[in-house]
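The values are calculated or read from the model by the stated rules, or taken from the named source; none is laboratory data. Everything quoted here is computed from the prediction, not taken from an experiment. Note that we place each Cβ from the backbone using ideal geometry, even for glycine, and neighbour counts take in every protein chain shown.
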There are 2 protein chains.
Amino acid sequence: MKAVLAEIITIGDEILFGQIVDTNSAWMGTELTKIGIRVKQITSVSDSPDHIVEALDSAKTRADIILITGGLGPTKDDLTKHVLAEYFHTTLKLHEPSLADVTAIFEKRGRALTALNRQQAFLPESCMPVRNVLGTAPGMWFEQEGKVFVSMPGVPFEMKRMMTDIVLPQLKAYFKTPEIIHKVVQTVGIPESILADKLEDWENSLPSHLKLAYLPHLGGVRLRLTGTGSNVSQLEQELQAEVDKLQDLIPDYIFAYGEVKLEEAVGQLLKSQGLTLATAESCTGGYLAHRITSVAGSSAYFQGSVIAYHNEVKTSELNVRTETLQQHGAVSEATVREMAENVRQKFKTDIGVATSGIAGPGGGSPDKPVGTIWIAYADKNGTRTKLLHYNKDRLLNIEYTALAVLNLIRQSLTGLVEE
Amino acid sequence: MKAVLAEIITIGDEILFGQIVDTNSAWMGTELTKIGIRVKQITSVSDSPDHIVEALDSAKTRADIILITGGLGPTKDDLTKHVLAEYFHTTLKLHEPSLADVTAIFEKRGRALTALNRQQAFLPESCMPVRNVLGTAPGMWFEQEGKVFVSMPGVPFEMKRMMTDIVLPQLKAYFKTPEIIHKVVQTVGIPESILADKLEDWENSLPSHLKLAYLPHLGGVRLRLTGTGSNVSQLEQELQAEVDKLQDLIPDYIFAYGEVKLEEAVGQLLKSQGLTLATAESCTGGYLAHRITSVAGSSAYFQGSVIAYHNEVKTSELNVRTETLQQHGAVSEATVREMAENVRQKFKTDIGVATSGIAGPGGGSPDKPVGTIWIAYADKNGTRTKLLHYNKDRLLNIEYTALAVLNLIRQSLTGLVEE
């Protein structure tokens, strides 16, 4: 079967001049790939009618689908709309449902509809309007010689909503793309290369309609299994069987299925086990607590934290013994152990965790270079500590340390033994 | 004078499939704009020789400069290099200085040079090699009929270093672009539209070779003044005179000149005044402390923090009175005032700041809807509080609250009276 090809055209000087990073295209690329449509080219052009027409002419020689974002809205004089009307030899006409949508948005904001915004409800007569429930610029769907052109606003949340609700399902139907199903498996604590080694035999044994993608990101590798076929429930079963095999192959490294963050998975574990948590942070400086409290509902298990940036605070607020600090230093197993145990007692929580290290760029020594970091986990059964060595910049050292602590909590709560 | 036009071509399926967001092009767009080169188009193409050639042919009809990233390195079989050699009718030849660079990188990593990596030192004979001090793939500079083609690796830090050290200065010289100088003025606490109102008359009075750009971002608006001409020191003087006028027009909102973050500016103020700081955080959950400690050297003024996520912790660790919590609730002026004053006493710092609010999505009430947030600043002269109302999602509410506290510290330390 021949692949259905798409091209994305983004319109706007602000992308070319670097004032905006084009995140829309990556999102669209991901979503189109998921339904079996292949993106052939992404083109960013200026706010100029000739340039837009040139890009459209060029795109339709290569692709079946041309998705256009930007160049809509009153500040851009709805440039794209006028160009498309001329390109498809049609004229603008008032589209009553769009006018009703725009009017409703202005009423909600408590403002009167301006003449400029009323203009936004005038659409090319030959297009099928694509409803925008989150903004004032409707989308437009054109068909020409079996090819589809869709114009959408550049505002990310408006474009995403239109794609999800209308454009992607319609493209799927129009081009009769095969059924495609994905399952995402989230791993942590294992580098991509070692993971690939462990999974090589299994991956090679996958039937050709099931594909594996490694999607590494800061702090973990997402595995995406994709099945292509005609029978959804059969694909579901096949994928689930493979995911079960994965679970047997790398049980210690999988922390969730689907789009779940590590702090969310840890939050779920704490909640389901009815446990509470406190943190004592030195080098992470509050970032660990921030990751934990970025999860809605985290107040159910997170009690609070002491950020002991100065040694004085480690002593006065966390009761770390002066002898410990003098003998072993702030960045030491002994200190981080006392920090975790004492914050647990102080906050009367089930679990206490702690961090102490040299985030950099200053503060390193031959003995303890930048990136030397101790972490600890304490609960009623005892305390476990871990020494980390990172060689990144300050912010990455902080980030990786927070992820290592979250993983240590996860390992402890699921009965995994530390390596 | 006719503008010099550039096009950027990025090569790689991983961008088209959405596995990578193309941040390189935005960075290049910003840097090219700064030296007076205008980006006309950005094109992302697949890992296919025909497609790359098509993009090159198309780009040279529009632009004077074609910058190519990606498609280099052993995993891509140096695709771009082979395509360019054929495109410019030349052959590959060992380039000894590049071989020395690659060998040195492998030695540093303690590994033997592979045959694959040795191949990377073979370059098209007609190109001028562009040295890559951070990686194994050298860049290539070609000239054809007055147009310049530069190929660079897609790894962001390698590309940026090559652009900064070699490509940008050479482009400036080759195309004899005019002298362009920028001054950046950082503002906080004033929305773009109100700022534009205040600056309208001044902006209209600017001579035509001085331009103002508003660059809004989360938490502030950067103003960039750009001067174009032939005499650098005269431009410098003219720009400085305009910046001085700006300082008179909006003294309360400017927190820094140049690329400085708000937390860095606050850190500088604390350091220069020899003051220390502690935070007491409820709704920000450690994020405020994280922003403060993300600055290298912040241990000079930051003592630590109590994150009192639970009311119990507010009482036990921050000595907030039970009556205060009962009468006014945790999200109240009285509570946040006690938090700031008590953390200051407890940590023996010059300044204590505090946050308490409803970050959402849960926890709101008709009385105190989501986004109701109190902040406080306490020093030896007394305590000031501020009520914030945000209507964003959880993470944005946390982010904006941290910025509001940083701004409150800045205002207090510079003697600005709160509105």
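For (1) within 23 Å of residue B:22 (Cβ to Cβ); (2) outside any loop (DSSP other than H, G, I, E, B), each residue gets a yes or a no:
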| position | (1), (2) |
| --- | --- |
| B:107 | no, yes |
| B:117 | no, yes |
| B:136 | yes, no |
| B:140 | yes, yes |
| B:151 | yes, yes |
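The residues of segment A:340-354 that are of a type in the set (Val, Ile, Thr) and either surrounded by fewer than 17 Cβ atoms within 10 Å (Cβ to Cβ) or more than 29 Å from the chain's Cα centre (by Cα) (or both), listed by number, are A:343, A:349. Taking the criterion of being within 20 Å of the chain's Cα centre (by Cα), more than 7 Å from chain B (Cβ to nearest Cβ) and surrounded by fewer than 23 Cβ atoms within 10 Å (Cβ to Cβ), the residues of segment A:21-53 that qualify are A:31, A:34, A:35.
Of all residues in segment B:121-137, those satisfying the criterion of being touching a helix residue (DSSP H, G or I) at 6+ places or on another chain (Cβ under 6 Å) and either at pLDDT below 95 or not assigned by TED's automatic domain parsing to the domain that holds residue B:166 (or both) are B:121, B:132, B:134, B:135, B:136.
Scanning segment B:289-307 for residues that are assigned to a helix (DSSP H, G or I) and within 19 Å of residue B:345 (Cα to Cα) returns B:289, B:299, B:300.
The numbered conditions (1) at pLDDT below 95; (2) in contact with a Leu (Cβ under 6 Å, 6 or more places away or on another chain); (3) in the same structural domain as residue B:108 (by TED's automatic domain parsing) are all true for residue B:150 except (1).
The residues of segment A:290-305 that are under 19 Å from the mean Cα position of the chain (by Cα) and within 7 Å of another protein chain (Cβ to nearest Cβ), listed by number, are A:290, A:293, A:294, A:296. Scanning segment A:3-20 for residues that are over 15 Å from residue A:62 (Cβ atoms), within 22 Å of the chain's Cα centre (by Cα) and among the hydrophobic types (A, V, I, L, M, F, W, C) returns A:15, A:20. Per the listing B:18, B:71, the residue uniquely crowded, with 20+ Cβ neighbours inside 10 Å, under 23 Å from residue A:6 (Cα atoms) and more than 9 Å from chain A (Cβ to nearest Cβ) is B:71. Only one of the numbered conditions (1) surrounded by fewer than 19 Cβ atoms within 10 Å (Cβ to Cβ); (2) farther than 18 Å from residue B:332 by Cβ is violated by residue B:387, and that is (2).
To keep it simple, each residue is scored yes or no on (1) in contact (Cβ under 8 Å) with a residue 60 or more places away in the chain; (2) more than 26 Å from residue A:26 (Cβ to Cβ); (3) among the hydrophobic types (A, V, I, L, M, F, W, C).
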site	(1), (2), (3)
A:51	no, no, no
A:57	no, no, no
A:60	yes, no, no
A:80	yes, no, no
A:113	no, yes, yes
A:125	no, yes, no
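If we scan segment A:404-418, do we find a residue that is among the hydroxyl-bearing types (Ser, Thr, Tyr) and under 28 Å from the mean Cα position of the chain (by Cα)? Scanning segment A:404-418, I find at least one residue that is among the hydroxyl-bearing types (Ser, Thr, Tyr) and under 28 Å from the mean Cα position of the chain (by Cα), so the answer is yes. Does residue A:45 satisfy being in contact with a His (Cβ under 7 Å, 6 or more places away or on another chain), assigned by TED's automatic domain parsing to the domain that holds residue A:92 and under 30 Å from residue A:114 (Cβ atoms)? Here the answer is yes, as residue A:45 does meet what is asked.
Per the listing A:140, A:163, the residue uniquely closer than 30 Å to residue A:216 by Cβ, buried (at least 21 other Cβ atoms within 10 Å of the Cβ) and assigned by TED's automatic domain parsing to the domain that holds residue A:79 is A:163. Kindly evaluate residue A:312 against the criterion of being surrounded by fewer than 23 Cβ atoms within 10 Å (Cβ to Cβ), at the interface with chain B (Cβ under 8 Å from one of its Cβ atoms) and more than 20 Å from the chain's Cα centre (by Cα). Here the answer is yes, as residue A:312 does meet what is asked.
Of all residues in segment A:144-170, count the ones that are of a type in the set (A, V, I, L, M) and over 15 Å from residue A:70 (Cα atoms). The number of residues fulfilling the criteria is 4. Of all the criteria given as (1) without any contact (Cβ under 8 Å) to a residue 40 or more places away in the chain; (2) within 14 Å of chain A (Cβ to nearest Cβ); (3) buried (at least 22 other Cβ atoms within 10 Å of the Cβ), the one not satisfied by residue B:65 is (1). Filter segment A:355-379 down to the residues that are within 13 Å of chain B (Cβ to nearest Cβ) and surrounded by 20 or more Cβ atoms within 10 Å (Cβ to Cβ) and list them by number. Once the filter is applied, which keeps residues that are within 13 Å of chain B (Cβ to nearest Cβ) and surrounded by 20 or more Cβ atoms within 10 Å (Cβ to Cβ), segment A:355-379 yields A:355, A:356, A:357, A:358, A:359, A:360, A:370. Screening residue A:57 on (1) acidic (Asp, Glu); (2) over 24 Å from residue A:116 (Cβ atoms); (3) surrounded by 16 or more Cβ atoms within 10 Å (Cβ to Cβ) shows it passes everything except condition (3). Only one of (1) within 20 Å of residue B:347 (Cα to Cα); (2) small (Gly, Ala, Ser); (3) surrounded by fewer than 18 Cβ atoms within 10 Å (Cβ to Cβ) fails for residue A:382. Which number is that? With (1) within 20 Å of residue B:347 (Cα to Cα); (2) small (Gly, Ala, Ser); (3) surrounded by fewer than 18 Cβ atoms within 10 Å (Cβ to Cβ) applied to residue A:382, the lone miss is (1).
Taken together, the residues in segment B:177-198 that are among the basic types (Lys, Arg) and either within 19 Å of the chain's Cα centre (by Cα) or outside the structural domain of residue B:230 (by TED's automatic domain parsing) (or both) amount to 1. So, in segment A:244-263, how many residues would count as being aliphatic (A, V, I, L, M) and closer than 15 Å to residue A:195 by Cβ? Number of matching residues: 4. The set of residues in segment A:271-289 being on the phi < 0 side of the Ramachandran plot, within 8 Å of another protein chain (Cβ to nearest Cβ) and without any contact (Cβ under 8 Å) to a residue 40 or more places away in the chain consists of A:289 alone. Of the candidates A:226, A:276, A:284, the single residue that is over 19 Å from the mean Cα position of the chain (by Cα), surrounded by fewer than 24 Cβ atoms within 10 Å (Cβ to Cβ) and β-branched (Val, Ile, Thr) is A:276.
Suppose we keep only residues that are among the acidic types (Asp, Glu) and at pLDDT below 95 within segment B:1-15. Which one would you say is surrounded by the most Cβ atoms within 10 Å (Cβ to Cβ)? Applying the filter and picking the extreme gives B:13.
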